[in-house]
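To start, the structure under review is shown below, and the notes come after it.
No lab work stands behind these numbers, since they all come straight from the coordinates. Keep in mind that this is a model prediction, so the values were computed, not measured. Note that each Cβ is placed from the backbone with ideal geometry, even for glycine, and that neighbours are counted across all protein chains shown.
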Amino acid sequence: MAPNSAPNPRREEALRMPSDAQRLAVEGGTPVRTDPFPARDPFGPADLEQLQAVLAQQTAFFPSGSKVYEFERRFRELYGVAHATASTSGTSAIHVALGALNL
């Protein structure tokens, strides 16, 4: 509230008592979505084909697989950079970045 301004009881009540639209659905508010998300296949045929290729190479958990090299190459081309290193998680990516900066 600004200094020297008179209190506004209606405003204060509105701030204390959230309307149905301001409340989370779990707290009794109106749900944003009432229909379930449509069903979908998480992977298409092309995805499964790529996965089978990785499994056949037996390099799914190694950074030396041809799919990893291909990903890094395409990433370098897409962003026009000289180097790219794939990582297995965001945490490992941060470690790689800090190591590259000698931190």
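By the gyration tensor of its Cα atoms, with a ≥ b ≥ c the square roots of the eigenvalues, what is the shape of the stretch 59-100: rounded for a/c under 1.5, prolate for a/b over b/c, or oblate? Let's see the in-between values first.
Working: a/c = 2.34, a/b = 1.05, b/c = 2.23.
Cα axes put the stretch 59-100 in the oblate bin.
One chain, two ends: V81 and L98. Fully extended at 0.36 nm per residue, the span grows by 4.3 nm beyond their Cα-Cα distance.
Using a Förster distance of 35 angstrom, determine the FRET efficiency expected from the C-beta separation of E70 and R23, and round it to 0.05. With R0 = 35 Å, the Cβ-Cβ based efficiency is 0.10.
Give the calculated FRET efficiency between S89 and F37 to the nearest 0.05, with a Förster radius of 25 Å applied to their Cβ-Cβ distance.
Numbers: r = 26 Å, r/R0 = 1.05.
After rounding to 0.05, the efficiency reads 0.40.
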